[in-house]
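> One structure, as structure tokens, below. Some questions next.
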Amino acid sequence: MRITAALGFVLVVAFAAPAFGQSFVGEWTATAQTPGGAVSETVTVVKTSDGYAITAKPVVPPPSGTPEAGPGTEIVLNGDSFSYKRTVGGELVITYAGVVSGDTFTGTADLGGFGSVPYTGVRISHDEK
């Protein structure tokens, strides 16, 4: 009887494990280490009725006339892994991917065929919306 109960508990924990992954939902200071220097943004990830929404605002405003990246699209949050895309100037698509570990994440930003750069972040706040 104890073996059956223990086996049942192990199975429940094994199948529930993905639900205990670190969530990308919240507010982050995210930094891409580009060839031109570090670029940091405040990234906000919220749960919506349709899935998730991602918006970002530069920590330091860019020079006037610099095209800004749009909101996140093709957003995938799977346990502690995430990926999403943003379009800059209507043509350049940047693909972000990473893994959350507590209140930090590490990953890459693929600069639309111009190479891939390190992408890291530190959580500013949790947002369980």
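> Does Thr66 satisfy the condition of being exposed (fewer than 15 other Cβ atoms within 10 Å of the Cβ) and either part of a loop (DSSP other than H, G, I, E, B) or modelled with pLDDT under 95 (or both)?
Values: exposed (fewer than 15 other Cβ atoms within 10 Å of the Cβ): yes; either part of a loop (DSSP other than H, G, I, E, B) or modelled with pLDDT under 95 (or both): yes.
Yes: the conditions hold for Thr66.
> With the requirement that a residue be under 18 Å from the mean Cα position of the chain (by Cα) and within 23 Å of Leu92 (Cα to Cα), what does the stretch 46-67 give you? Step through it out loud before you land on a result.
Pass one, the stretch 46-67, residues under 18 Å from the mean Cα position of the chain (by Cα): 46-48, 50-59.
Correct list: Tyr52, Ala53, Ile54, Thr55, Ala56, Lys57, Pro58, Val59.
> In the stretch 19-60, what residues are in contact (Cβ under 8 Å) with a residue 24 or more places away in the chain and more than 18 Å from Asn78 (Cβ to Cβ)?
Listed by number, the residues that qualify are Glu27, Thr29, Ala30, Thr31, Ala32, Gln33, Thr34, Pro35, Thr42, Thr44, Ala56, Val59.
> So which residues in the stretch 70-95 are under 14 Å from Val43 (Cα atoms), part of a strand (DSSP E or B) and either free of Cβ contacts under 8 Å to residues at least 40 places away in the same chain or not aromatic (Phe, Trp, Tyr) (or both)?
Within the stretch 70-95, the subset under 14 Å from Val43 (Cα atoms) is 70-73, 75, 82-86.
Pick out the ones that are also part of a strand (DSSP E or B) and you get 73, 75, 82-86.
If the condition is that a residue be under 14 Å from Val43 (Cα atoms), part of a strand (DSSP E or B) and either free of Cβ contacts under 8 Å to residues at least 40 places away in the same chain or not aromatic (Phe, Trp, Tyr) (or both), then Thr73, Ile75, Ser83, Tyr84, Lys85, Arg86 are the ones that fit.
The values are calculated or read from the model by the stated rules, or taken from the named source; none is laboratory data. Remember, it's a predicted structure, so these values are computed and weren't measured experimentally. We place every Cβ from the backbone using ideal geometry, glycine too, and count neighbours over all the protein chains shown.
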